[in-house]
Amino acid sequence: MDTIPDDLRTWVPRLAAPVAAAVFVLLWTIAEAGRGDLVENVVVFGLFGLAVGLAVWMPWTSIGLTVAIPALQLAGWVQPPTDTTWPTYLAIAFVAFFAAFARSVAVRLVALAAAGLASGLAAIAMAVPTLARPYVWSSWVGGGQGTKTDVITLAASLFGAAAAAWAVGIFLSSVLRVRRIGQVLERTETRFHETDFELRLAHDRARISRDVHDALAHSLAVVVSQAQGALALSATRPEVVEQALRTIADVGRTSLVDVRHLVERIQQDADDATPRETLADLDRLATTMRDVGMTVTLRHLGDAAELLPSQELAVFRIVQESLTNALKHSGSSSTVDVALDWRGPGLALLVTSSGDDPLVASRRGTGRGTGIASMTERARLAGGWLTAELGDDGVFVVTAFLPTPEPIGLLQSWTEQPA
């Protein structure tokens, strides 16, 4: 695994250029020490060193210096090259190498073009004699192939060295960029997995909260209702107490089984292995609430269509929560009508409840309880929607709609028919 810090990769070329410049100036100063015109030569060494040192930090300035130095030598403003100092033109290759690390494509391309121009000017400064400097390349090497040929050869050699250095710089900078991109992608993927885990955890918490609420809220409401009724009638009708205790025991056992199934589902993470309620369980649910004293009517309008198992569970939980809310907010003498209308493109569910003997505070308060939020979320996850509101006449209305799978299958069959 790559363990080099990303910041280190960024700073390596930034630090290498000034270090290379300092070494360049120092070595050439030592090499020319004791020879004539040392001060003038050190000025040239310093200018080339400055160009190399700024190649990464200020590439445009560095490129300009690379071209300006041989031009100044041709103009006679700085010390021209000699038979011992002409290799200083290799600084052109160093500048091209470090400029290749620039992020800007324009800088990299201009650096290569400037290296060609600087190589040509340097070749002229080395090979073309003047009155001020009659000794040039041909006299340094003891012959030569003619001024024109020497200029072309020297320019091609210097530019070839600069182009090779530039290509190496492009390759190394590309490798560093690819590694940096890889690290960024790796960090992004890590953050993505962390975020995905957090979202899954939040989803699981919400699901567990809904399941716990569905498993306990209904049963506890029944238990509270029966206990209050038994307490109120214990003196005048003792036989009611026995029936209430039986109901409490039955509801408690059912709730215990539901909680055990919920715990097993959480531990095993296998929802499909646990039996789920279906529409067939609505009659049992209605009977349980009638035993409490509520008047519950369950009606099916139209021919029932097939729903997905998750949708049937959602319908059961919505009806269960609606009955629980009716018991809590309207009392055990409340009247509830549950209508399942199959005559449309899906299941339209309408639950109305009314009563005036609440077990808890009135639902006219502000905010939406956990039960309504749970019903709304279950309807949404089942592909539908749900609304719940209290009318001016005191009737609480829950309306939900869940689409059936048949229209999707019918549409698919239409698309598969030959034209």
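The values are calculated or read from the model by the stated rules, or taken from the named source; none is laboratory data. Please read all numbers here as calculations on a predicted model, not as lab measurements. Backbone-built Cβ (ideal geometry, glycine too); neighbour counts: all protein chains shown.
Before moving on, here are some points about what is shown:
- Consider the range 117-139 and keep the residues that are of a type outside the set (A, V, I, L, M, F, W, C) and crowded, with 18+ Cβ neighbours inside 10 Å. The one that is farthest from T85 (Cα to Cα) is G120.
- Residues of the range 62-97 that are within 16 Å of W28 (Cα to Cα) and not in a helix (DSSP H, G or I): Q79, P80, P81, T82, D83, T84, T85.
- Answer from G76, G120, G146 - the residue that is over 17 Å from A162 (Cα atoms), of a type in the set (G, A, S) and touching a residue at least 24 places away in the same chain (Cβ under 8 Å): G76
- Selection count where residues are in contact with a Lys or Arg (Cβ under 8 Å, 6 or more places away or on another chain) and of a type in the set (A, V, I, L, M), scope the range 148-197: 2
- Checklist (1) touching a helix residue (DSSP H, G or I) at 6+ places or on another chain (Cβ under 8 Å); (2) modelled with pLDDT under 85 applied to H329, failing item: (1)
- Among the residues of the range 328-348, those identified as touching a Gly at 6+ places or on another chain (Cβ under 9 Å) and aliphatic (A, V, I, L, M) are V336, L340, L347.
- Taking the range 294-306 as the range and being touching a Ser or Thr at 6+ places or on another chain (Cβ under 9 Å) and either modelled with pLDDT of 90 or more or under 14 Å from S353 (Cα atoms) (or both) as the test, the residues that pass are M294, T295, V296, T297.
- Selection status of R200, more than 12 Å from the chain's Cα centre (by Cα) and modelled with pLDDT of 75 or more: yes
- Residue within the range 32-47 that is in contact with a Pro (Cβ under 6 Å, 6 or more places away or on another chain) and either at negative phi or modelled with pLDDT of 90 or more (or both) present: no
- Of residues in the range 325-359 being in a helix (DSSP H, G or I) and more than 41 Å from the chain's Cα centre (by Cα), the one nearest to E377 (Cα to Cα): A326
- Scanning the range 96-113 for residues that are over 14 Å from F171 (Cα atoms) and crowded, with 24+ Cβ neighbours inside 10 Å yields a single hit, A111.
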